[in-house]
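Participant: What follows is a structure written as structure tokens; I'll ask about it next.
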Amino acid sequence: MLTVLLHGRGGSERDMQPIAARLPGRTLCLRASHVRGKGFGWFDWRGRPPHVDEATGPAEEVLRVIEDEAADDEPVTAIGWSEGSTLIVEVMRLRPARIAKAVLGTGFPVAGNRLTDLELARLRPPTYWVTGDSDGVIPADAEGAEFRRFLDEHTALHATVLTGVGHELRGGMNEALVARALA
């Protein structure tokens, strides 16, 4: 089994290594290609969420890596943080059968529909979404709620809202992501 991990905006593959180190099997922490300050981002957008057209290229890049690293019938788990979670959902939307399980730390919706959304809704892959009730970047009752609504309509969603946790990839969030990956 291969587990692919995607960091958030302004981060790097190093952000996901503490999670990867606790998982069995092969893990692959990817780095986004767009420079964002001292880190990297998956999408080249400013001030608004990307549209599906802008998300297709980065999702195809991740799919190419998965195809290079995993056998055709090998199950792939994808773990994302923030913008990385959003990209994992776009990978699932492009190739609904490729990701066996998704573990998403927060995330936001991408605007637009894909023809493959119906196939994703039919397959309903297990998806674990974890967010914090104090997240001021992607509030659980705003963009987070839209993201959750999409996941609920298209996946077998298991949602968890952590009390007292903000937009942070550490402590309770890391523990929750590892626990869901091992579920």
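The values are calculated or read from the model by the stated rules, or taken from the named source; none is laboratory data. As the structure is a prediction and not an experimental result, all values here were calculated from the model. Heads up, the Cβs are rebuilt from the backbone with ideal geometry, glycines too, and the neighbour counts pull from every protein chain shown. Ligands, DNA and RNA are excluded from the accessible area calculation, which covers all protein heavy atoms including side chains. Shrake-Rupley method; radii C 1.70, N 1.55, O 1.52, S 1.80 Å.
Matching residues to (1) touching a strand residue (DSSP E or B) at 6+ places or on another chain (Cβ under 8 Å); (2) within 19 Å of Leu5 (Cβ to Cβ):
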site	(1), (2)
Val137	no, no
Glu153	no, no
Leu157	yes, no
Ala179	no, yes
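Participant: What is the one condition in (1) within 16 Å of Gly105 (Cβ to Cβ); (2) out of contact with any strand residue (DSSP E or B) (no Cβ under 7 Å at 6 or more places or on another chain); (3) not hydrophobic (A, V, I, L, M, F, W, C) that Glu54 does not satisfy?
Facilitator: The single condition Glu54 does not satisfy is (1).
Participant: May I pose another question? Which pairs do you get when a residue that is in contact (Cβ under 8 Å) with a residue 40 or more places away in the chain, found in segment 65-82, comes within reach of a residue that is open to solvent by 70 Å² or more (accessible area, probe 1.4 Å) and of a type outside the set (A, V, I, L, M, F, W, C), reach meaning Cβ atoms under 7 angstrom, with the pair 6+ apart or on two chains?
Facilitator: Here the result reads Ser82/Arg9, each pair linking segment 65-82 to a residue that is open to solvent by 70 Å² or more (accessible area, probe 1.4 Å) and of a type outside the set (A, V, I, L, M, F, W, C).
Participant: Here is a follow-up. List every residue pair whose Cβ atoms sit under 6 Å apart, with the two residues 6 or more apart in sequence or on different chains, where the first one lies in segment 1-20 and is closer than 12 Å to Gly80 by Cα and the second, anywhere, is open to solvent by less than 10 Å² (accessible area, probe 1.4 Å) and among the acidic types (Asp, Glu).
Facilitator: Gly8/Glu83; Arg9/Glu83
Participant: I want to confirm something. Restricting to segment 147-183 and keeping residues that are in a helix (DSSP H, G or I) and exposed (fewer than 13 other Cβ atoms within 10 Å of the Cβ), which single residue is modelled with the highest pLDDT?
Facilitator: Once the filter is applied, the top-ranked residue is Glu153.
Participant: Suppose the filter is in contact with a His (Cβ under 8 Å, 6 or more places away or on another chain), assigned to a helix (DSSP H, G or I), at negative phi and not small (Gly, Ala, Ser); does Leu120 pass it?
Facilitator: yes
Participant: Something else now. Would you check which residues across segment 128-145 are out of contact with any Pro (no Cβ under 9 Å at 6 or more places or on another chain), among the charged types (D, E, K, R) and at pLDDT below 90 and list them?
Facilitator: Asp141, the sole residue that qualifies.
Conditions tested, residue by residue: (1) closer than 24 Å to Ser12 by Cα; (2) among the aliphatic types (A, V, I, L, M); (3) in contact with a Leu (Cβ under 6 Å, 6 or more places away or on another chain).
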| position | (1), (2), (3) |
| --- | --- |
| Ile66 | yes, yes, no |
| Pro75 | no, no, no |
| Leu94 | yes, yes, no |
| Pro109 | yes, no, no |
| Leu120 | no, yes, no |
| Asp141 | no, no, no |
| Ala145 | no, yes, no |
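Participant: Further question on the same structure: Quick check on my filter: what residues within segment 23-43 are at pLDDT below 90 and farther than 16 Å from Leu6 by Cα?
Facilitator: Gly37, Lys38
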